[in-house]
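The values are calculated or read from the model by the stated rules, or taken from the named source; none is laboratory data. Model, not experiment: these values are computed from the prediction. Heads up, the Cβs are rebuilt from the backbone with ideal geometry, glycines too, and the neighbour counts pull from every protein chain shown. Protein only, heavy atoms only, side chains kept; ligands, DNA and RNA dropped before computing areas. Shrake-Rupley method; radii C 1.70, N 1.55, O 1.52, S 1.80 Å.
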Amino acid sequence: QVQLVESGGGLVQPGGSLRLSCAASGSNFKIYRMGWDRQAPGKQREMVAAITSDGRLSYVDFVKGRFTISRDNAKNTVYLRMNSLTPEDTAVYYCRQYRIGADYWGQGTQVTVSS
């Protein structure tokens with residue numbers, strides 16, 4: 001059973017920055033595509049960013065140029081650097097490990113952007 005533990009969320013003012021981290025248990029972390037999803041109040045969960053085992057990146061349009069996903073395979077950790085945050089970025093952010101047939105998610109970390 002894989003465990004994904006997110007951290008780094010919190011309250012930040014508009015225009016501010018946060019870095020989320022996700023520590024993964026288990027072996028073979030480096031072979032899996034990893035990503036971040038988010039779910040805002042009253043909305044469906046949506047993909048934000050992803051990074052493949054060989055470092056290819058993908059982002060949803062509304063975060064391009066503001067968010068950066070990265071990974072450290074030696075630490076079994078994936079990061080999401082978020083800049084220029086707006087109130088529309090307020091959501092619970094979930095770490096995701098992509099697997100054939102059954103993806104895994106963490107429990108999420110709350111990000112609130114408010115003045």
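Remarks
- For region 47-61, taking the residues that are open to solvent by less than 40 Å² (accessible area, probe 1.4 Å) and among the hydrophobic types (A, V, I, L, M, F, W, C), the one that is farthest from the chain's Cα centre (by Cα) is identified as Val60.
- Residues (of a type outside the set (Gly, Ala, Ser) and surrounded by fewer than 15 Cβ atoms within 10 Å (Cβ to Cβ)) located in region 33-46: Gln39, Pro41, Lys43, Gln44, Glu46
- Of the listed requirements (1) without any contact (Cβ under 8 Å) to a residue 12 or more places away in the chain; (2) closer than 25 Å to Gly15 by Cα, Asp54 misses just one: (2).
- Here Gln97 clears all of (1) among the polar types (S, T, N, Q); (2) open to solvent by 30 Å² or more (accessible area, probe 1.4 Å); (3) modelled with pLDDT of 95 or more except the condition numbered (2).
- The residues of region 78-115 include none that are assigned to a strand (DSSP E or B) and of a type in the set (Asp, Glu).
The rows are residues; the columns are (1) touching a Leu at 6+ places or on another chain (Cβ under 9 Å); (2) without any contact (Cβ under 8 Å) to a residue 60 or more places away in the chain.
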{"site": "Gln13", "(1), (2)": "yes, no"}
{"site": "Ser21", "(1), (2)": "yes, yes"}
{"site": "Ala40", "(1), (2)": "no, yes"}
{"site": "Ala50", "(1), (2)": "yes, yes"}
{"site": "Phe62", "(1), (2)": "no, yes"}
{"site": "Ile69", "(1), (2)": "yes, yes"}
{"site": "Asn73", "(1), (2)": "no, yes"}
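- Any hit, region 2-18, residues being hydrophobic (A, V, I, L, M, F, W, C) and either farther than 20 Å from Gln110 by Cβ or not in a strand (DSSP E or B) (or both): yes
- In region 1-21, residue least open to solvent (accessible area, probe 1.4 Å) [restricted to those that are modelled with pLDDT of 95 or more and among the aliphatic types (A, V, I, L, M)]: Leu20
- One residue alone among Ala24, Ala49 is in contact with a helix residue (DSSP H, G or I) (Cβ under 8 Å, 6 or more places away or on another chain), at negative phi and at pLDDT 95 or above, and that residue is Ala49.
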